[in-house]
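K.L.:
My structure is below; once you've seen it, I'll send some questions.
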Amino acid sequence: MTASCFVRRALMRGLFVCAAVAVAGGAVAQEAQWPTKPLRFVVPYPPGGPLDTMARMLAEKVRAPLGQPVVVENKPGAGGNIGADLAAKAHPDGYTLVMGAVATHAINPWLFANLPYDPIKDFAPVTLVASVPNVLVVNKEFAARNGIESLGDLIAYARKNPGKLNYGSGGNGSAGHLAGELLKARTKIDAVHIPYQGAAPAQLALLSGQSDFMFDNLAASAPLIRDDKVKVLAVTTLERSSIFPKVPTVDESGVKGFDLGTWFGVFTTGGTPDAVVQKLNRAYSQALQDPEVRARLLTMGSDAQPMSSQDFAEMVRKEKEKYKEVVKLSGASLN
């Protein structure tokens with residue numbers, strides 16, 4: 001090799017190294033300056049619900065630490081799949097967020113035969129927002145008529161009266177349906193499932209006596225419990241609720257290991273740079289400590305529960321595996 005060739009190759013290698021360093025340096029600078037434009041926060045459920053309300057409150061609270069507005073968009077449909085899929089397929093730059101939940105990331109993968117996204121690979125978990133118990137409530141007149149004061153009493157009634165007990169839910173594959181089927185399997189009782197088009201109609205059916213009991217979200221049932229319109233027997237998480245501390249858990253009531261709560265948290269698109277995910281985690285964790293946010297979560301039966309993105313990712317993986325068994329047990333399937 002001639003000296004001139006050697007020099008030219010050395011110069012070319014140097015140029016390639018410089019270009020690579022420049023690209024890497026530019027990416028680091030971009031991440032340091034991020035965000036430079038408004039963010040999109042997708043809520044995969046209709047306006048007015050608890051997740052929508054919390055998303056809008058958090059959007060206001062993270063505006064200052066992020067230095068950019070966060071625009072909330074409702075994209076309901078297919079049990080949350082439509083909105084979740086939008087975030088899953090967005091550019092992985094952290095500008096698209098979604099308020100994911102136990103349904104979109106743990107239940108739907110086993111409920112829908114053709115889920116349009118992978119709940120693990122297609123998302124970068126940012127932080128858990130809250131875990132909210134579900135609650136077992138019984139029609140008040142039915143409970144008084146049959147002396148039902150506890151979950152044990154309800155189970156005893158079912159065993160003495162096979163085929164007479166029924167329960168309502170917000171639909172096939174809903175959290176209430178899955179909880180009902182798990183209770184039946186664990187206690188060996190018989191109860192007919194009556195699916196309604198949403199939790200609100202299921203509540204009305206319970207109040208009118210069309211159904212005997214239901215597993216409802218604690219936030220939705222709390223006003224009925226406070227107004228003594230339903231009989232509350234148990235909460236479905238392993239820990240008691242902070243707003244109804246005297247109500248025992250299903251586990252405490254004799255059905256050991258029963259643990260089916262509702263949770264929701266912030267996700268962004270899979271493949272988003274970790275530096276961006278961590279900036280989002282800091283902003284949302286800070287927002288969850290705001291007194292107004294904490295007060296709102298307490299009305300839903302939960303404390304603020306921010307966690308690291310790594311811990312949240314591990315929690316989502318465990319929840320997804322747990323619901324594989326529960327959905328299979330229920331026999332529910334949606335296509």
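K.L.:
Within region 204-218, is there a residue that is surrounded by fewer than 23 Cβ atoms within 10 Å (Cβ to Cβ), at pLDDT below 95, over 19 Å from GLU319 (Cβ atoms) and of a type outside the set (Asp, Glu)?
P.N.:
Looking for residues that are surrounded by fewer than 23 Cβ atoms within 10 Å (Cβ to Cβ), at pLDDT below 95, over 19 Å from GLU319 (Cβ atoms) and of a type outside the set (Asp, Glu), one finds none in region 204-218, hence no.
K.L.:
Suppose we filter region 183-193 for residues that are of a type in the set (Val, Ile, Thr) and either touching a helix residue (DSSP H, G or I) at 6+ places or on another chain (Cβ under 7 Å) or over 15 Å from ASN172 (Cβ atoms) (or both); how many remain?
P.N.:
Qualifying residue count, region 183-193: 2.
K.L.:
Another question about this same structure. Just the residues that are under 16 Å from VAL250 (Cα atoms) and part of a loop (DSSP other than H, G, I, E, B), please, taken from region 152-170.
P.N.:
Selection gives nothing.
K.L.:
Could you check SER131 against (1) surrounded by fewer than 24 Cβ atoms within 10 Å (Cβ to Cβ); (2) modelled with pLDDT of 95 or more; (3) part of a strand (DSSP E or B) and say which number it fails?
P.N.:
All conditions are met except number (2).
K.L.:
Could I ask something else about it? Out of THR268, THR236, THR272, report the one residue that is in contact (Cβ under 8 Å) with a residue 40 or more places away in the chain and within 20 Å of LEU183 (Cβ to Cβ).
P.N.:
Among THR268, THR236, THR272, only THR236 is in contact (Cβ under 8 Å) with a residue 40 or more places away in the chain and within 20 Å of LEU183 (Cβ to Cβ).
K.L.:
Next question. Look through region 220-233, keep the residues that are assigned to a helix (DSSP H, G or I) and out of contact with any strand residue (DSSP E or B) (no Cβ under 6 Å at 6 or more places or on another chain), and return whichever of them is surrounded by the most Cβ atoms within 10 Å (Cβ to Cβ).
P.N.:
Checked region 220-233; the qualifying residue surrounded by the most Cβ atoms within 10 Å (Cβ to Cβ) is ALA220.
K.L.:
Return the only residue of LYS279, LYS320, LYS328 being in contact with a His (Cβ under 8 Å, 6 or more places away or on another chain) and basic (Lys, Arg).
P.N.:
Criteria check complete, one pass: LYS320.
K.L.:
Considering every residue within region 271-281, establish whether at least one is under 16 Å from the mean Cα position of the chain (by Cα) and not assigned by TED's automatic domain parsing to the domain that holds ASN217.
P.N.:
No, region 271-281 contains no residue that is under 16 Å from the mean Cα position of the chain (by Cα) and not assigned by TED's automatic domain parsing to the domain that holds ASN217.
K.L.:
With respect to ASN114, determine if the residue is surrounded by fewer than 21 Cβ atoms within 10 Å (Cβ to Cβ) and out of contact with any Cys (no Cβ under 7 Å at 6 or more places or on another chain).
P.N.:
The answer is yes for ASN114.
K.L.:
VAL327 fails exactly one of the following numbered conditions: (1) surrounded by 17 or more Cβ atoms within 10 Å (Cβ to Cβ); (2) more than 17 Å from the chain's Cα centre (by Cα). What is the number of that condition?
P.N.:
Failing condition for VAL327: (2).
K.L.:
Still on this structure, please answer the following. Evaluate region 224-233: report whether one residue or more is touching a Lys or Arg at 6+ places or on another chain (Cβ under 8 Å), hydrophobic (A, V, I, L, M, F, W, C) and in the same structural domain as GLY170 (by TED's automatic domain parsing).
P.N.:
Looking through region 224-233, at least one residue is touching a Lys or Arg at 6+ places or on another chain (Cβ under 8 Å), hydrophobic (A, V, I, L, M, F, W, C) and in the same structural domain as GLY170 (by TED's automatic domain parsing).
K.L.:
Here's another thing I want to ask about it. Which one of these is under 30 Å from ALA64 (Cβ atoms) and small (Gly, Ala, Ser): ALA200, ALA219, ALA205, ALA234?
P.N.:
Among ALA200, ALA219, ALA205, ALA234, only ALA219 is under 30 Å from ALA64 (Cβ atoms) and small (Gly, Ala, Ser).
K.L.:
Let me ask another. Looking at region 237-291, which of the residues that are among the β-branched types (Val, Ile, Thr) and out of contact with any Gly (no Cβ under 6 Å at 6 or more places or on another chain) is nearest to MET214 (Cα to Cα)?
P.N.:
The qualifying residue nearest to MET214 (Cα to Cα) is VAL250.
K.L.:
Could you list all residues from region 158-181 that are in contact with a helix residue (DSSP H, G or I) (Cβ under 9 Å, 6 or more places away or on another chain), free of Cβ contacts under 8 Å to residues at least 60 places away in the same chain and more than 19 Å from PRO133 (Cβ to Cβ)?
P.N.:
ALA158, ARG159, LYS164, LEU165, GLY171
K.L.:
What pairs come out if I take residues in region 30-52 that are touching a residue at least 60 places away in the same chain (Cβ under 8 Å) and within 18 Å of GLY198 (Cα to Cα) and pair them with residues that are aromatic (Phe, Trp, Tyr) and crowded, with 20+ Cβ neighbours inside 10 Å whose C-beta lies under 6 Å away, six or more apart or interchain?
P.N.:
Every condition considered, the pairs that remain are LEU51/TYR45; LEU51/PHE264.
K.L.:
May I ask you to say which residue of LEU260, LEU298 is surrounded by fewer than 16 Cβ atoms within 10 Å (Cβ to Cβ) and closer than 20 Å to PRO133 by Cα?
P.N.:
Sole residue among the options that is surrounded by fewer than 16 Cβ atoms within 10 Å (Cβ to Cβ) and closer than 20 Å to PRO133 by Cα: LEU298.
The values are calculated or read from the model by the stated rules, or taken from the named source; none is laboratory data. The structure presented is a predicted model; accordingly, all values stated were derived computationally and were not measured. With ideal geometry, Cβ positions are generated from the backbone for all residues, glycine too; neighbour counts draw on all protein chains shown.
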